[in-house]
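K.L.:
Have a look at the structure that comes next, please.
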Amino acid sequence: MAESTQAPYGRKTQKAPAVKEIHILWMPDALGCEGDTVSTTAATQPSIEDILMGAIPGLPKVHLHNRILDFSQGGEDYLKVWYDAAEGRLEAPFVFIVEGSIPNEKIKSEGYWAAMGTNAKTGQPITVTEWIDHLAPRALAVVAAGTCAAYGGIHAMAGNPTGCMGLADYLGWSWRSHAGVPIVNVPGCPVQPDNMTETLLYLLYQAAGLAPMIPLDKELRPTWLFGKTVHEGCDRGSYYEQADFAHEYGSPKCLVRLGCWGPVVNCNVTKRGWMNGLGGCPNVGGICIGCTMPGFPDKFMPFMDEPPGGVLSSSLIGMYGKIIRRLRAITNTTLNHEPKWRHAGPDLTTGYHP
Ligand code: SF4
Ligand code: SF4
Ligand code: SF4
């Protein structure tokens with residue numbers, strides 16, 4: 001079928017963007033589990049397909065290169081665009097996404113921690129850090145997908161042998177792309193799908209000249225996605241407020257005594273849901289373990305123990321909660337009875353006076 005008949009209606013009727021084509025080079029080859037790529041396939045607001053198929057007005061044409069999602073699955077065909085980008089031969093600009101923790105290749109005498117492709121001259125693997133060194137200076141924007149790439153995450157726990165770190169620890173927290181864009185961190189283990197695609201959408205609009213500089217907090221997270229806590233969006237907040245705590249899983253009550261860190265964790269999944277608006281850890285019975293946070297996982301362990309701050313705050317709220325619950329129960333009983341004038345007797349007792 002010809003390209004013109006395949007193009008979605010939106011692309012045919014919208015004004016052409018300032019940048020006509022753009023590449024997304026997504027490297028899931030750092031120390032990780034590829035969970036962020038897999039998670040992003042569940043996005044719906046927007047979906048990857050919406051971005052790639054031109055269903056969203058005003059976007060450049062987007063070419064996505066990610067070996068997990070690519071038909072060529074990481075072969076030499078797939079790598080060509082990466083070599084071209086690293087050597088400045090790509091004609092269109094590109095956004096560079098890193099997934100996984102960045103290993104410290106300086107701390108060992110031989111071998112490598114993480115690599116993608118082979119150097120044709122030396123026959124040696126091309127390390128992830130070499131790719132970052134070559135691609136970051138040429139990229140329009142650099143994005144860390146998931147907590148590993150953002151802050152180090154699970155692989156950067158105390159006692160790890162790789163000395164791994166987040167992208168900003170590697171490039172520097174004040175690093176800027178040649179277009180002046182700071183590193184953009186989209187943490188989560190894995191990343192919440194729509195948070196990832198929405199951030200990409202923002203950057204694509206920015207590249208197209210249709211959005212101002214992406215707003216980021218000091219941890220380099222998009223402010224509109226990470227400005228609130230889990231607790232502030234949690235379905236179970238009303239149980240917390242009246243000190244009604246779950247003591248076992250399966251209860252609909254607040255999970256703080258089971259180890260939920262929601263009151264002090266920046267994450268929007270309780271508002272946004274996980275997939276297509278559904279889910280979001282505490283909403284569906286899972287404690288928040290702080291997987292979006294720079295201090296994850298060490299500062300949240302041991303998981304499933306009540307957070308120290310939770311012990312204090314849930315105790316303080318305990319007395320108030322007990323009284324409030326009793327008063328509410330009395331009022332609730334009153335409100336569950338119809339007014340006494342609603343009856344089938346022969347007299348009108350509503351208080352009506354003609
Ligand atoms: Fe996997 Fe979590 Fe690391 Fe993403 S952040 S690569 S999901 S371990
Ligand atoms: Fe807050 Fe967690 Fe309780 Fe939800 S379950 S109200 S996030 S402490
Ligand atoms: Fe991670 Fe907590 Fe958000 Fe769940 S609610 S995704 S555990 S930060």
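Bear in mind these aren't lab numbers, they're just calculated from the coordinates by the rules spelled out. Computed from a prediction, not measured in an experiment: that's the story for all the values here. Here the Cβ is made from the backbone with ideal geometry for all residues, glycine too, and neighbour counts use every protein chain on show.
K.L.:
Given an 8 Å cut-off on Cα distances and at least 6 residues of separation, report the relative contact order of the chain as a percent.
P.N.:
Details: 656 pairs, mean separation 53.2, N = 354.
It comes to 15 percent, rounded to a whole number.
K.L.:
Under the √(5λ) rule applied to the eigenvalues of the Cα gyration tensor, what semi-axes describe the equivalent ellipsoid of the chain? Give them in Å, descending.
P.N.:
On the way: eigenvalues 457, 162, 48 Å².
Over the Cα atoms of the chain, the semi-axes work out to 48, 28, 16 Å.
K.L.:
Could you tell me which trypsin sites (Lys or Arg not before Pro) in region 320-354 are loop residues by DSSP with no more than 15 other beta carbons within 10 angstrom of their beta carbon?
P.N.:
Numbers: sites: LYS322, ARG325, ARG326, ARG328, LYS340, ARG342; in loops: LYS340, ARG342.
Answer in residue order: LYS340, ARG342.
K.L.:
Would you compute, from DSSP H runs of 4+ residues alone, the mean residue ellipticity of the chain at 222 nm, taking -39500 (n - 2.57) per run and dividing by the full residue count, rounded to the nearest 500? Mind showing how you got there, number by number?
P.N.:
Values: 13 runs with 105 residues, N = 354.
Mean residue ellipticity at 222 nm (helix-derived): -8000 deg cm²/dmol.
K.L.:
Using alpha carbon centroids, what distance separates region 204-223 and region 99-140, in Å?
P.N.:
First find each Cα centre; the distance between them is then 27 Å.
K.L.:
About the Cα centre of region 53-194, what is the dipole size in debye to 20, counting +1 per Lys and Arg Cβ and -1 per Asp and Glu Cβ, all else neutral?
P.N.:
Details: 9 positive and 13 negative charges, 35 e Å.
Computed about the Cα centre, the dipole is about 180 debye.
K.L.:
What size of dipole, in debye to the nearest 20, comes out for the chain about its Cα centre when the only charges are +1 on Lys and Arg C-beta atoms and -1 on Asp and Glu C-beta atoms?
P.N.:
Values: 28 positive and 33 negative charges, 230 e Å.
Around 1100 debye, computed over the chain.
K.L.:
Which of ASN283, GLN242, ASN332 sits closest to the plus end of the dipole of region 228-335, meaning its Cα is farthest towards the positive end, when Lys and Arg get +1 and Asp and Glu get -1 on the C-beta?
P.N.:
ASN332
K.L.:
Please sort by residue number the trypsin sites (Lys or Arg not before Pro) in region 38-104 whose DSSP state is loop and whose Cβ has at most 16 other Cβ atoms within 10 Å. Mind dumping the intermediate values first?
P.N.:
Details: sites: LYS61, ARG67, LYS80, ARG89; in loops: ARG67, ARG89.
In loop regions of region 38-104 (DSSP not H, G, I, E or B), the sparsely surrounded trypsin sites (Lys or Arg not before Pro) are ARG89.
K.L.:
For the chain, give the share of DSSP beta bridges that are antiparallel, in percent and rounded to the nearest 5; count only bridges with both residues there. Spell out each step's value before the answer.
P.N.:
Numbers: 9 of 28 bridges.
In the chain, DSSP labels about 30 percent of beta bridges as antiparallel.
K.L.:
Which one, CYS33, THR349, SER101, projects farthest toward the positive side of the charge dipole computed for the chain from Cβ point charges (K/R +1, D/E -1)?
P.N.:
Result: THR349, furthest along the dipole toward the positive end.
K.L.:
To continue, here is another question. Looking at the chain, identify the longest residue range that excludes and avoids all GluC sites (Glu not before Pro) in DSSP loops having at most 14 other Cβ atoms within 10 Å.
P.N.:
Details: sites that count: GLU87, GLU91, GLU110, GLU248.
Longest site-free region, per DSSP loop and neighbour criteria: 111-247.
K.L.:
Still on this structure, please answer the following. What angle do you read, to the nearest 10 degrees and between 0 and 90, between the alpha-carbon axis of helix 308-335 and the longest principal axis of the chain?
P.N.:
40
K.L.:
Place +1 on the Cβ of every Lys and Arg and -1 on the Cβ of every Asp and Glu in the chain, take the dipole about the Cα centre, and give the residue among ASN185, ALA120, LEU140 whose Cα lies farthest towards its positive end.
P.N.:
Positive-end residue among those listed: ASN185.
K.L.:
Could you compute the longest span of the chain free of chymotrypsin sites (Phe, Trp or Tyr not before Pro) located in DSSP loops and having at most 16 other Cβ atoms within 10 Å, not counting the site residues? Numbers along the way, then the final one.
P.N.:
Numbers: sites that count: PHE71, TYR112, TRP173, TRP175, TYR249, PHE303, TRP341, TYR352.
Of all site-free stretches, the longest is 176-248.
K.L.:
A follow-up question, please. Under 20 °C and 1.002 mPa s, how fast does region 228-335 diffuse according to Stokes-Einstein, given a Kirkwood radius computed over C-alpha pairs? Answer in µm²/s, whole number. Present the calculation step by step, with values, prior to reporting the outcome.
P.N.:
Working: Rh = 14.3 Å.
The estimated diffusion coefficient comes to 149 µm²/s.
K.L.:
Find the centroid of the Cα atoms in region 267-283 and in region 17-43, then give the distance between the two in whole Å.
P.N.:
Measuring centre to centre over Cα atoms gives 21 Å.
K.L.:
What is the magnitude of the charge dipole of region 212-321 about its Cα centre, with +1 placed on the Cβ of each Lys and Arg, -1 on the Cβ of each Asp and Glu, and no other charges, expressed in debye to the nearest 20?
P.N.:
Working: 9 positive and 10 negative charges, 56 e Å.
The calculation lands at about 260 debye.
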